[in-house]
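Below: the structure, in structure tokens.
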Amino acid sequence: MTGLFSSGDDSKKVFYKTDDEIELIRQSCLIVSKTLAHVGSMLKPGVTGKEIDRAAEELIRDHGGRPAFKGYHDFPATLCVSFNDIVVHGIPSNREFREDDIVSVDCGVELNGYYGDAAFTFPFTAVQPEVMELLSVTYGSLYKGIEQAVVGHRIGDIAFAIQDFAERKHGYGVVRELVGHGVGRSLHEEPEVPNYGKRGKGMVMREGLVIAIEPMVNLGVKEVYQAQDGWTIHTRDRKASAHYEHSVAVRKNKADVLSDHNYILEAVKNNPALQIISPKS
Ligand code: MG
Ligand code: MG
């Protein structure tokens, strides 16, 4: 889930984590990764958001975790399921998936008091090359951001790297209203991690900072609007939007990626209803 509501959170303090705490966050992230992989294996035309949501909650609880989104500011479900022109925060519904859909699935888990958060956009088989390129670039922009998540760099370095790749290099619209965030003791902590900004600006990152980096990138214009339900975010021009997210611990030379997309990529590879997707470098 993105940091749309972070300004309402109860603390403006950055919590730096010990190595032990980072391992606990990694365990929560592992359940998130397994849940997204399980969902990825279930996806086919005719399946609904509600069905994958039910399966996700069951898997999380079987692993001893708690769905972190359910009840968060009264969000009604375990997953955010955001297809096509929905950017993020889609509420799982009875709408059946179609073979030309892209579906962003966002999942958060709390285990032993620590939170993990990750998201993946899945493309069905009939998604057009133009939209596949959007997914690949958005996924690539996530890793451009992660490369900057090292001790001594600033939050603005991450923001700039994502925007530079997705917007300046590839001409897409980077969403401004929603941001990544600190994660760990709560689902959303300080600092905010925007996907646009200036190099050398923002907070200096130190060892023990754990953040969720989550570019949201639109095929067309960057502007978005919120639906009547108070959650669902659509692109203003109703064109497609992509979203990929990792939780990462800031380290000295290289970020430690705590969520593991390999589980998801394996599920995608084994699901004939989906197209294989890889990050653009
Ligand atoms: Mg998320
Ligand atoms: Mg998030």
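The values are calculated or read from the model by the stated rules, or taken from the named source; none is laboratory data. Values in this document were obtained by computation on a predicted structure and should not be read as measured data. Don't worry about glycine lacking a Cβ; one is built from the backbone with ideal geometry, like all the others, and counts go over all protein chains shown. Keep in mind that these areas ignore ligands, DNA and RNA; they rest on the heavy atoms of the full protein, side chains included. Shrake-Rupley method; radii C 1.70, N 1.55, O 1.52, S 1.80 Å.
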Fully extended, how many nm does the chain gain between Ser93 and Arg236 (0.36 nm per residue separation, minus their Cα-Cα distance)? 49.4 nm
Using θ = phi - 60° and the Karplus relation 6.51 cos²θ - 1.76 cosθ + 1.60, list the HN-Hα couplings for the stretch 69-75 in order, rounded to whole Hz, with x at every Gly or Pro. 7, 5, x, 5, 6, 6, 4
How long, wide and thick is the stretch 131-240, going by the Cα atoms along their three principal axes, in whole angstroms, largest first? 40, 33, 21
Using the Cβ atoms and a cut-off under 13 Å, what net charge is assigned to the surroundings of Tyr244, where Lys and Arg are +1 and Asp and Glu are -1? -2
Taking only the alpha-carbon atoms of the stretch 3-269, the convex hull volume per residue, in cubic angstrom, is 110 Å³
Thr125 and Asp74 label points (each 7 Å along its Cα→Cβ direction) are spaced in nm at 4.2 nm
Cα→Cβ-extended label distance, 7 Å offset, between Asn270 and Lys44, nm: 1.5 nm
Near the amide H of Met216, under 5 Å away, which other amide H atoms are found, from residues 5 or more places off or on another chain, if H is placed in the peptide plane? Val175
Can you check what the net charge comes to around Thr78, using other residues whose Cβ is under 11 Å from the Cβ of Thr78 (Lys, Arg +1; Asp, Glu -1)? +1
Net charge near Val179, counting Lys/Arg +1 and Asp/Glu -1 over other residues with Cβ under 9 Å of its Cβ? -2
Rounded to a whole number, what % of the accessible area of the chain do carbon and sulfur atoms account for, probe 1.4 Å? 48 percent
Cut-off under 5 Å, modelled amide H: who pairs with Phe69 long-range: Gly108
Simple spin-label model, 7 Å along Cα-to-Cβ: Glu23 to Glu207 in nm? 1.7 nm
Classify the stretch 39-87 from the C-alpha gyration tensor, please: rounded if a/c falls under 1.5, else prolate or oblate depending on whether a/b exceeds b/c. oblate
Spin-label zone in the stretch 125-154 - amide nitrogen under 17 Å from a point set 7 Å from the Cα of Lys198 along the C-beta vector: 154
With every protein chain left in place, what is the accessible area per residue of the chain in square angstrom, probe 1.4 Å? 39 Å²
